[in-house]
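Here the structure comes first, spelled out in structure tokens, and everything after it is commentary.
Values in this text are rule-based calculations from the coordinates and carry no lab data. Being a predicted model, the structure only gives us computed values, none of them experimental.
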Amino acid sequence: MNQGFEAVLLREASTTTLVLRGELDIAAAGAADEAVDMALDDRADAYVLDLTDLRYLSAAGTAPLVRLAVSARRVGAKVTARRAGRLPAVVLSMTPVELEDAPIALGTHPARPAA
């Protein structure tokens, strides 16, 4: 397990929540992949990515999350990311993972106000 990354699965009724903490980069992608495999084994109706404590997300780190989104959608399940910080939200905005509560107005430059 990567020292700077942790993934925890929480199950409640037909929803599986994957809590991601630390830094999800190429070094942690394998651990995230294992967590995604376990989540998909649940065959849940909905998957939630809790990103409250995810400090960093690299492009390589998105691969397991994209795989979760694509695999879940194939069977009619929904995947939503919640409480993403600024950097993870920007990175995830370029993927099929749906952001529930993005902390920034995506599509605008952070230094300029939205029109």
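Here's how it looks for Leu49: its modeled amide H is under 5 Å from those of Leu18, Thr80, Ala81, Arg82, which are all 5 or more places away or on a different chain. Counted residue by residue at 0.36 nm each, then reduced by the alpha carbon distance between them, the extension gain from Asp45 to Arg67 reaches 6.3 nm.
Here the Karplus relation 6.51 cos²θ - 1.76 cosθ + 1.60, evaluated at θ = phi - 60°, turns the backbone of segment 76-90 into coupling constants of x, 8, 9, 10, 10, 9, 10, 6, 6, x, 4, 5, x, 5, 5 Hz, with x for every Gly and Pro. State the label only: which of [x] 1.32; [y] 1.01; [z] 0.97 corresponds to Rg/Rh (Cα atoms, Kirkwood Rh) computed from the shown model? Structure-derived value, by its label: [z].
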